[in-house]
1. Place a +1 charge on the Cβ of each Lys and Arg in segment B:42-117 and a -1 charge on the Cβ of each Asp and Glu, then give the dipole magnitude about the Cα centre in debye, rounded to the nearest 20.
2. In what order do B:THR20, B:THR106, A:THR2 fall by count of nearby beta-carbon atoms within 10 Å, going from fewest to most?
3. Under the rule a/c < 1.5 gives rounded, and otherwise a/b versus b/c splits prolate from oblate, where does segment B:11-51 land using the Cα gyration tensor?
4. Taking every residue in B:102-115, how many Cβ atoms of other protein chains lie within 10 Å of its Cβ, on average?
5. Among B:SER74, A:SER93, which comes first, second and so on when ranked by fewest other beta-carbon atoms within 10 Å?
6. Mind jotting down the distance between the C-alpha centroids of segment B:6-44 and segment A:54-82, whole Å?
7. For peptide A:24-36, how many partner chain Cβ atoms fall within 10 Å of a residue's Cβ, on average?
8. Give the calculated FRET efficiency between B:SER71 and A:TYR10 to the nearest 0.05, with a Förster radius of 41 Å applied to their Cβ-Cβ distance.
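Computed from the coordinates by the stated procedures, all read-outs in this text should not be read as laboratory data. As the structure is a computational prediction, the values presented were derived from the model and not from experiment. Here the Cβ positions follow ideal geometry from the backbone for every residue, glycine too, while neighbour counts run over all protein chains shown.
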Amino acid sequence: DTAVSQTPKYLVTQMGNDKSIKCEQNLGHDTMYWYKQDSKKFLKIMFSYNNKELIINETVPNRFSPKSPDKAHLNLHINSLELGDSAVYFCASSHLTGQETQYFGPGTRLLVL
Amino acid sequence: AQKVTQAQTEISVVEKEDVTLDCVYETRDTTYYLFWYKQPPSGELVFLIRRNSFDEQNEISGRYSWNFQKSTSSFNFTITASQVVDSAVYFCALKRASGGGADGLTFGKGTHLIIQP
């Protein structure tokens, strides 16, 4: 009965490769997010989607492309991986109404070699 | 622009001591939401509390309590009678209300709390 799930949990890959991280939520939320946590544990919003529509796209390289096939899924595809992309990526979801709490997935630890 | 400052990078206390984690925020919005999340060594982000800007009542949940003061733009978190299981990184976060519900959270840099047995 996991609320927000991500796969894979760990991802080790070579520079230049393309990889995807999947996120699914079963909370009935209509808004989903991707956050990046760097090596110093700083968390920063990357994208938010509402009803499959991109709402926020922070200053993220266009090598990162989110895709939302439906309200319950938000995947993150990364092209031409670079060393600096190594981080923990968290998916989150919430209802759209402003005060709703964002619930986070367990995170995907990406290591680019 | 919004900003959240957690000035305490790391705090170490002995079990059963009380400890307060500070959070100071900056925003031009009149309506906003404040949050605390816990990140234990296992890495997940666990929601602890949400507080609306128009509700300055303090909250207590078991050994946890939160003190929200708009006059000083602070939202501090106190753990009473700390336990080893409280060891984690704690994040304070801010979300504006005016921009719509899909805004991301603005996080502080986190406070690493170490509870020694």
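1. Dipole magnitude for segment B:42-117 comes out near 160 debye.
2. Going from least to most buried by this count: A:THR2, B:THR20, B:THR106.
3. Oblate.
4. 5
5. The fewest-first ordering by Cβ neighbours comes to B:SER74, A:SER93.
6. The two parts, judged by their Cα centres, are 29 Å apart.
7. 1
8. 0.35
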